[in-house]
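Working notes, structure below.
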Amino acid sequence: MDATTAAVMEESFDSLLERAQAVYRQHFPMECCFERAVFFSWGCTIGDCQFCYMSNQPADKKPLETKRSRASIFAEFLLAKKCGWDIGFFTGGIGVFTPDEIEFMLRVAHEITCERIWLSIGPVPKSLLVRYQPYIRGIVGSTETVNPKLHAKVCPSKPLAPYERMFVDAACLGLQKAMTFIVGLGETRDDVQILIDFIRKYRIDKIHVYGLIPVAGTLYEGACIPTAEEQAWWIAQLRVAFPSLDIQCGIWSNRADRIPLLLKAGANSISKLQAVKLFGTETAKEMVGRCEEAGRRFRGTLTALPEADWDAEVARLSIDDSLKVEVKRKLWVYLKGMRKQGNTSPL
């Protein structure tokens, strides 16, 4: 462990938090947004990551049968765009869609959002990165933990080496690089140096720091949920070590009370809220309020639907008419549900 990291580890939590908050203020505006991860499937051809709900799917449910419809995916991108949500990444089970299907969905998502998308679909070879490059901002490696022994236990069929090659290829193409890290898998605070070295080696631009969600039927079913302080400690360490790193913190709806602490530790944004299902509810309002409690202005909305000509938004898309019909139908199903939940008066 280098001397700087050792010194940071020795300081009190309050002192670390204060330093991390000061670093954040020097490099970022005092705002916060909700990041939406758009999933294209609920199954995975790997299926043995020991913490993941995808490892606990019924044996007779084949991963290829867990695909979402393209219409529902595009409808969700439209909602995210109009509600001002950032797209955390486009993701789903590894090996579920073909490269042609992925490329088509990325093209339409790029058209909807007018932005390049973060992509998280497992290790992507350089040839496919070149194909996807017009539509993607960067790639996300679902690394989960970078402690080698722990990673081999937690993700036996998802080694780090292919992700490391992908990061090198992405850098050659000028793409940004992001990774995931889950607090609570079994890492110790001594592992922070391994994480810092990994970020530095591959020049990671963004990291998603989650707190473990124990899932029934998995290895972590009875595991302790990491405390807010534990999750904040990792975020603060990274903020001090990497002042310009984009740090996103995963917050489940029942952990809203930890938002102020995680933002004060130096996180840029929040995710993991079931935003469509909970839009306009007291839970969504609490999430926004907790961000403001940390002194951040909340960008976008989780509580009031924006005024929009939704049908016109679909009509302008460069997709065939039959798919437009399906997108409109799915979009209005989402909107109807969102309007029923709490006070969702137009902005």
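The values are calculated or read from the model by the stated rules, or taken from the named source; none is laboratory data. The structure presented is a predicted model; accordingly, all values stated were derived computationally and were not measured. So basically every Cβ, Gly included, is an ideal-geometry build from the backbone, and we count neighbours across all protein chains shown.
Against the test of being in contact with a Cys (Cβ under 9 Å, 6 or more places away or on another chain) and surrounded by fewer than 18 Cβ atoms within 10 Å (Cβ to Cβ), the options E282, E307, E286, E292 yield a single qualifying residue, E292. The strands (runs of 3 or more DSSP E) found wholly in region 189-291 and carrying at least 2 residues that are over 26 Å from P156 (Cβ atoms) and in contact (Cβ under 8 Å) with a residue 12 or more places away in the chain occupy 246-250, 269-271.
One residue is enough: does region 220-234 have a residue meeting the conditions on the phi > 0 side of the Ramachandran plot and surrounded by fewer than 22 Cβ atoms within 10 Å (Cβ to Cβ)? No, the conditions are met nowhere in region 220-234.
Table: residues versus (1) under 27 Å from F90 (Cβ atoms); (2) at pLDDT 95 or above; (3) of a type in the set (G, A, S).
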| site | (1), (2), (3) |
| --- | --- |
| M166 | yes, yes, no |
| T188 | no, yes, no |
| F198 | yes, yes, no |
| Y202 | yes, yes, no |
| G211 | yes, yes, yes |
| E229 | no, yes, no |
| V240 | no, yes, no |
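All of (1) crowded, with 18+ Cβ neighbours inside 10 Å; (2) free of Cβ contacts under 8 Å to residues at least 12 places away in the same chain; (3) among the aliphatic types (A, V, I, L, M) hold for V314 with one exception: (2). Inspect all residues belonging to region 156-179 and state whether any of them is under 23 Å from E229 (Cα atoms) and assigned to a strand (DSSP E or B). Yes: one or more hits.
Name the single residue, out of those in region 80-105 being in contact with a Leu (Cβ under 7 Å, 6 or more places away or on another chain) and not in a loop (DSSP other than H, G, I, E, B), that is surrounded by the most Cβ atoms within 10 Å (Cβ to Cβ). Full working, then the answer.
First, pick out the residues of region 80-105 that are in contact with a Leu (Cβ under 7 Å, 6 or more places away or on another chain): 89-90, 96, 99.
Among the residues that remain, those that are also not in a loop (DSSP other than H, G, I, E, B) are: 89-90, 99.
Details: F89: 27, F90: 24, P99: 14.
Looking at residues that are in contact with a Leu (Cβ under 7 Å, 6 or more places away or on another chain) and not in a loop (DSSP other than H, G, I, E, B), I get F89.
Of the listed requirements (1) closer than 23 Å to I194 by Cα; (2) in contact with a Gly (Cβ under 8 Å, 6 or more places away or on another chain), A267 misses just one: (2). Per the conditions (1) touching a Phe, Trp or Tyr at 6+ places or on another chain (Cβ under 8 Å); (2) of a type in the set (V, I, T); (3) buried (at least 21 other Cβ atoms within 10 Å of the Cβ), the sole criterion not satisfied by I213 is (3).
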